[in-house]
Amino acid sequence: MTATATNTGNTSPLVRSAVLGIILLIVTAALPLAGLGPNSIRLMFVTLVWLTASVAWNLLGGFAGQVSFGFAVFYGLGAYTTAIAYNSGLDRFASIILSAGVALVASFLIGLPTFRLKGPYFAIATIGVSEAVRVIMTNLEITGGASGYRIMERGAFNQRLHFYIALALAAVAVAASMLVRYSKLGLALISIREDQDAASDLGVDPFRTKLLAHALGAALTGAAGGVFVGYAAFIYPQGVFGFDISVAILLMPTIGGVGTVWGPVIGAVVYGFVQEELIASFPQFHLLLYGALLILIILFEPGGVLGLFQKLYYFVRARTSIGSHS
Amino acid sequence: MNTVDFLNLLVSALLLAGVYAAMSVGMTVIYGVMKIVNLAHAGFLMLGAYFVFEVNERLHLDPLLGVLLAFPVFYFIGITLHWLMVRRIPRSDQPTLSSLLLLFGLWLVLQNLGYMIWGNSDRAILTPRTFSTMQIGPIIFPTVRLVVFGAAVFSLAALEFVLHKTWFGRAVRVLMQNPDAGRIVGVNVDRTARIAFGVGIAFAGTAGGMLAMMYSFTPDFGGSFMLRAFVIIVLGGLESFSGVAIGAVILALVETFSILVIPSGYQPAVAFSLLVVALVVLPNGVAGLWNKRQRWA
């Protein structure tokens, strides 16, 4: 995994990515208008929420290689914040933005003590934080504890509205991911992943850079939680702070291709469309499959689906170019 | 609280510290040599518990014998897994994305295999020892705790002996201090890493068996103990064996005495709060503080 620097004034990868993104956005936006049923729209809504979280995780986990096992914390905090804010009379959009803000603050609480240190402290702390937050939320009286919290919808339920909110947020996430990847910040993050000491010798501040990427990822994930609760209308700690949420959020980018712009998108689409089927047919053991999948991907194709495609592409190109030379 | 109560709590904290140290030291061995955080530790703690349970149930062996038997069995599992998976991921001087995700995946697999095989009902290993107590002067404690403490201290002493008196132990210590220097003087890094991984898993398995003698367990049982092991090795400075002992004593004391002031629902968060304090106040662990002191002196 080497960083391909694009500092020659040539912004073509960004432009190419952006064009692809805009096309995908238009196609996705048109789908509900093309007469898709409510169940398909619901599936797409869920997938878009996952997609946002997946892309958000990749900002820190993929580009900077800082694995977090605790993104469910931001997702859950976002969900609860939106639910409480909306119930106390705040506008839907303002609630989601507030969710992003709360998650952002929470990311600093985890990042400030751990990013100063080299070593596994961040990864370890994220496991601890998600445990602690789940324990606290299960015991907290004002949010209904383990029995959950209900959002009081004002006005009629409009499925398309929720879908387009989720789509807008997903578009923001992917755009942020592109801008990060093809900017100085992205190069700084990648250099930290490859060699933190060398990066700081070159003037990158690892502490601030990681903190920034973490905050951005957390805010997007918090907003995703907020978007989700608007649709689900009912949440409980085990559901939004659950261990399997954290697992899913790190699994998606790994499936698609960690540290790339489109890998987490591909992973989220794959995951979003198969996960309900999987959970329905293996209610107990979907985590077993996720674990096995993680092991297989890391051992055999760390680049995920995207890496596999790239290998195939080079393989085919090598084949054809040999043919043309001889 | 009178003196007798205080002494009782103190003794039970120290007895607990023994098994805490045994359950954390495997992580230190693996991290020290390979710079890999063994996130599958929880899975092996759980498997160790069920191993001792099954040995007790089917072969009617004493759980202590089961714990002893767990060591070679889990050592073998450890070196097999190292050969199958761990050696294939890129080596690094800090924990990498691939090592974290690989072992995290392994944890998920082990835990859910546990659910598949044993279901999610609570199990416990009951022997005549389980409910008997001992009394020394005014201090009363369960016999099983003393037995487990003895087993834990014995295993730690054996590890200490191996680390200081054998070639393998010297190789482990040099790789922890300076891997390049180790290579120069002819340490076989791959072989040492394989054995170290085996020993780390073996300690996880045996410690799981020890814990199973004291507590009831489900396939989810390892998670909370792994979190405690994290706290202990962070307090101990990640790569120090004496640090593990100090960390274990600190955590056991804090947990035991916090029962007096913190409501039981929030008990699981105690270990975590200590982790945060450790990260903020002494990032290099108690041993780091100690080293600093020595350097100044």
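If one computes the Cα centroid of segment A:196-211 and of segment B:29-86, what distance in Å separates the two points? So the separation of the two Cα centres works out to 39 Å.
When only the Cβ of Lys, Arg, Asp and Glu is charged (+1, +1, -1, -1), the dipole of chain A relative to its Cα centre reaches about 520 debye.
I need the shape label for segment B:43-114. Rule: rounded when a/c is under 1.5, else prolate if a/b > b/c, else oblate, with a, b, c from the alpha carbon gyration tensor. Prolate shape, in that a/c is at least 1.5 and a/b is the bigger ratio.
A Förster distance of 22 Å, applied to the separation of the beta-carbon atoms of residue B:267 and residue B:5, puts the FRET efficiency at 0.70.
Residues B:146, B:47, A:109, arranged from fewest to most other Cβ atoms within 10 angstrom of their Cβ, appear as A:109, B:146, B:47.
Calculated FRET efficiency, residue A:25 to residue B:93, Cβ-Cβ distance, R0 = 41 Å: about 0.45 to the nearest 0.05. Peptide packing for A:44-56, A:28-40, B:263-275 was compared via the average number of neighbouring C-beta atoms within 10 Å per residue; ordered from the highest value, the list is A:44-56, B:263-275, A:28-40. The equivalent ellipsoid that matches the C-alpha gyration tensor of segment B:15-223 spans semi-axes of 31, 21, 13 angstrom, in descending order. Pairwise Cα separations in segment B:12-74 fall into 5 Å bins from 0 onward with the following percentages, short to long: 4, 16, 21, 22, 19, 13, 5, 1.
Per-residue mean of foreign Cβ neighbours for B:263-271 is 4 (Cβ atoms of other chains, 10 Å radius). In segment A:17-59, which residues have a backbone nitrogen under 13 Å from the label point lying 7 Å from residue A:276's Cα in the Cα-to-Cβ direction? Backbone N within reach: A:37-50.
Take the Cα radius of gyration of segment A:77-200 and divide it by 2.2 N^0.38 Å, N being the number of residues; the result is 1.35. From the square roots a ≥ b ≥ c of the eigenvalues of the alpha-carbon gyration tensor of segment B:217-274, which class results: rounded (a/c under 1.5), prolate (a/b over b/c), or oblate? Oblate, since a/c reaches 1.5 and b/c is not below a/b.
Percent of C-alpha pairs per 5 Å bin in segment A:194-302, short distances first: 2, 10, 14, 21, 19, 16, 10, 5, 3, 1, 0. Peptide B:232-239 shows a mean partner chain C-beta count of 2 within 10 Å per residue C-beta.
When you have a sec, figure out the Kirkwood radius of segment B:62-168 from all distinct Cα pair distances and drop it here in Å to one decimal? For segment B:62-168, the Kirkwood estimate is 17.9 Å.
Global size of the protein assembly as shown: 25.5, 93 Å for Rg and Dmax (C-alpha atoms, Rg to one decimal, Dmax whole). Among the residues of A:113-119, the average count of other protein chain beta-carbon atoms within 10 Å of the residue beta-carbon is 5. For segment B:15-223, the relative contact order works out to 48 percent when only alpha carbon pairs closer than 8 Å and six or more residues apart are counted. Report note on the peptides A:238-245, B:188-195: ranked by the mean count of other C-beta atoms within 10 Å, highest first, their order is A:238-245, B:188-195.
Considering the options A:295, A:241, B:133, tell which one lies farthest towards the positive end of the dipole of the protein assembly as shown, charges being +1 on Lys and Arg and -1 on Asp and Glu at the Cβ, about the Cα centre. Farthest towards the positive end: A:295. Computed over the alpha-carbon atoms, segment A:22-93 gives an Rg to Rh ratio of 1.07, Rh here being the Kirkwood radius from the mean inverse distance. Cβ-to-Cβ counts within 10 Å put B:20, B:50 in ascending order as B:50, B:20, the fewest first.
Under a 5 Å amide H cut-off, with hydrogens placed 1.01 Å from N, residue A:63 pairs with A:259 among residues at least 5 apart or on other chains. Within segment B:89-142, the proportion of Cα pairs with more than 18 Å between them is 65 percent.
Among B:76-89, B:118-131, A:167-180, the peptide with the highest mean count of other Cβ atoms within 10 Å heads the list, and the full ranking is A:167-180, B:76-89, B:118-131. Positive-end ranking of B:118, B:17, B:177 along the dipole of segment B:15-223, with charges on Cβ about the Cα centre, is headed by B:177. Remark: segment B:85-98, residue by residue, has Karplus-estimated 3J(HN,Hα) of 10, 4, 5, 7, 8, x, 6, 8, 8, 9, x, 9, 3, 5 Hz, where x stands for each Gly or Pro and the curve is 6.51 cos²θ - 1.76 cosθ + 1.60 at θ = phi - 60°. Residue order for B:141, B:149, fewest other beta carbons within 10 angstrom first, comes to B:141, B:149.
For segment A:12-288, the alpha-carbon radius of gyration amounts to 0.97 times the rule-of-thumb value 2.2 N^0.38 Å expected for a compact globular protein.
Placing unit charges on the Cβ atoms only, positive for Lys and Arg and negative for Asp and Glu, gives the protein assembly as shown a dipole magnitude near 1140 debye about its Cα centre.
Where a number appears in this text, it was derived from the coordinates with a stated rule and is not lab data. The shown structure was predicted, so the numbers you read here are calculated from the model rather than taken from an experiment. FYI the Cβ positions are ideal-geometry reconstructions off the backbone, even for glycines, and counts take in every protein chain you see.
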